[in-house]
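The values are calculated or read from the model by the stated rules, or taken from the named source; none is laboratory data. Remember, it's a predicted structure, so these values are computed and weren't measured experimentally. Glycine gets a Cβ as well: all are built from the backbone with ideal geometry, and neighbour counts include every protein chain shown. Surface areas here come from the heavy atoms of the whole protein model, side chains and all, with no ligands, DNA or RNA. Shrake-Rupley method; radii C 1.70, N 1.55, O 1.52, S 1.80 Å.
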Amino acid sequence: MERKKSNLCPCKILKVLEEGTVKTKYEVAWLDRNKKVIETAIVNRSDLIWKKSPLSRNSLKPFIRKSTYRSFPWVLHDKLAEKYQISRDPPQDLEGKVFIQDGIVCNKRKKDATDVEESGKLKKKKVEGEKAEATGKDKQQKEEPIKYPIDDLLVQPVTDDPVFTARPLPSTDFKVPMDCPIDDLLVQPVTDDPVFTARPLPSTDFKVPMDCVGDLLMVWDFCSSYSKLLHLLPFSLEDFENAICHKGSNVTLIVETHSSLLRLLKHDKDEYFSAVQKRTRPLKITLTNWTEFLCDFIEIINVGDFSTNITTVKRGHYGLLDAQVKLGILRELVNQVLGTDIVRENWLNSVLTS
């Protein structure tokens with residue numbers, strides 16, 4: 001990154017130009033939003049700033065793979081555990097599932113299965129040895145010759161003959177085969193099945209249209225999960241739905257939700273921050289000017305038919321928008337906030353501390 005007119009602009013170094021032993025200059029290429037070269041320039045070292053790329057799943061996976069020697073559960077290397085004073089004892093929720101043997105974390109299920117398999121092999125060898133010994137003794141005994149032909153019922157059993165039971169009567173209790181696939185509700189439980197409670201019926205009692213229920217739940221869940229980061233007091237799903245359907249333009253819950261999301265976007269200093277800086281209005285979001293910041297956001301994202309509602313919002317009639325449009329704007333706001341560095345760092349800290 002490089003300072004350009006008091007702003008930071010992305011660039012990449014093409015060549016190092018050394019002038020003596022003190023001054024060092026660089027030939028850099030300016031990059032646009034798509035990381036394509038638009039022009040080149042020669043700058044001093046003091047003009048360059050290195051900005052760390054945002055944390056992503058692709059950068060987190062190699063870090064975890066390098067720091068652990070096994071997964072399910074993850075186990076740190078001994079050197080890292082000693083360096084950062086991390087306990088090697090299994091957590092309480094894994095007691096009875098894993099154990100430590102010779103300094104290595106092992107799965108208890110695999111150990112139990114190995115012990116059972118070894119004990120089964122020993123029993124099998126013992127039974128085979130006893131049978132072989134009994135067979136050898138029987139062969140040594142002299143048997144009296146039998147005169148043939150002889151009736152089958154007169155044949156006496158010997159020691160190595162299997163034990164025969166009475167032949168069972170043919171069964172007539174046949175069940176009609178079931179056509180598969182079959183609905184889950186038609187499957188009859190058996191004796192060893194657990195006791196299941198009745199499945200509740202899916203709720204359809206919503207004030208917003210059914211095709212907007214997904215956006216309603218997503219926005220409410222995000223605001224509830226990150227309420228501390230957004231500086232929002234917790235609110236119920238019913239209150240949020242009533243606020244969306246209300247026709248007033250300055251509903252407190254709606255104003256605070258939009259203001260918190262827009263404030264977080266403004267602090268991230270991305271494309272939205274640059275657009276807001278070009279305006280002549282104050283940068284502080286208040287009860288009277290939050291709709292102006294919302295209009296700036298709608299113009300920047302340029303998604304769907306939201307831009308056709310900018311005039312209505314600017315006139316102070318936000319409450320007259322359809323619930324589908326309101327939830328669509330909030331959905332795009334949440335999606336943009338999820339990509340900010342502030343939310344990603346907060347998520348990473350919660351993962352590492354949990």
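At full extension, LEU320 and THR353 could sit 7.5 nm farther apart than now, given 0.36 nm per residue minus the alpha carbon distance. Note on surface exposure: THR252, THR288, THR340 rank THR288, THR252, THR340 by accessible area, highest first, 1.4 Å probe. Applying 1/(1 + (r/R0)^6) with R0 = 51 Å to the Cβ-Cβ distance of ASN346 and ASN107, what FRET efficiency is obtained, to the nearest 0.05? The value I calculate is 0.90.
Amide H contacts for HIS317 (H built 1.01 Å from N in the peptide plane; partners 5 or more residues away or on another chain; cut-off under 5 Å): none found. Diffusion of region 285-354 by Stokes-Einstein, at 10 °C in a medium of 1.306 mPa s and with Rh set to the Kirkwood radius over alpha-carbon pairs, works out to 116 µm²/s.
Taking square-rooted eigenvalues a ≥ b ≥ c of the alpha carbon gyration tensor, is region 209-261 rounded, prolate or oblate, where a/c under 1.5 means rounded and, failing that, a/b exceeding b/c means prolate? Since a/c reaches 1.5 but b/c is at least a/b, the shape of region 209-261 is classed as oblate. A straight chain from MET210 to TRP30 at 0.36 nm per residue would run longer than the Cα-Cα distance by 60.0 nm.
Roughly what would the spin-label model give for LYS61 and PHE196, points 7 Å off Cα along C-beta, in nm? Output for this residue pair reads 3.5 nm. For the pair ASN44 and ARG279 in one chain, pulling the backbone fully straight at 0.36 nm per residue adds 81.4 nm over the alpha carbon distance.
For the pair CYS245 and ILE86, a Förster radius of 45 Å applied to the C-beta separation gives a FRET efficiency near 0.35, rounded to the nearest 0.05.
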